[in-house]
Amino acid sequence: MPKRPTLFLIDGSSYIYRAFFALPHLSNSYGLPTNAIYGFIT
């Protein structure tokens, strides 16, 4: 049997929620909040 590729599925909703409320308000030049994205990827 050929080896099947591995698929990783990450449920990151709890991490994004925590990052959104844990970090101070960060926004881009359009005023959209970016603190959840920043907290999730760092």
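The values are calculated or read from the model by the stated rules, or taken from the named source; none is laboratory data. Keep in mind the model is a prediction, meaning the values are calculated, not measured. All Cβ positions, glycine included, derive from the backbone under ideal geometry; neighbour counts span all protein chains shown.
I'd like to know if region 10-31 contains one or more residues that are part of a loop (DSSP other than H, G, I, E, B) and touching a Leu at 6+ places or on another chain (Cβ under 9 Å).
Filtering region 10-31 for residues part of a loop (DSSP other than H, G, I, E, B) gives 10-12, 23-26, 28-31.
From what's left, touching a Leu at 6+ places or on another chain (Cβ under 9 Å): none.
Within region 10-31, none of the residues are part of a loop (DSSP other than H, G, I, E, B) and touching a Leu at 6+ places or on another chain (Cβ under 9 Å).
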- Could you list, in sequence order, all residues of region 32-42 that are within 13 Å of the chain's Cα centre (by Cα) and assigned to a loop (DSSP other than H, G, I, E, B)? THR34, THR42
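Quick grid of which residues meet (1) touching a Gly at 6+ places or on another chain (Cβ under 8 Å); (2) loosely packed, with under 10 Cβ neighbours inside 10 Å; (3) at pLDDT below 90:
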position: PRO2; (1), (2), (3): no, yes, yes
position: PRO5; (1), (2), (3): no, yes, no
position: ILE16; (1), (2), (3): yes, no, yes
position: LEU23; (1), (2), (3): yes, no, yes
position: SER27; (1), (2), (3): no, no, no
position: ILE37; (1), (2), (3): no, no, yes
position: PHE40; (1), (2), (3): yes, no, yes
- Message: Return the residues of region 9-31 that are in contact (Cβ under 8 Å) with a residue 12 or more places away in the chain and either in contact with a His (Cβ under 7 Å, 6 or more places away or on another chain) or hydroxyl-bearing (Ser, Thr, Tyr) (or both); say none if nothing qualifies.
- Response: TYR15, TYR17
- Tally time: how many residues in the chain are β-branched (Val, Ile, Thr) and in contact with a helix residue (DSSP H, G or I) (Cβ under 6 Å, 6 or more places away or on another chain)? 1
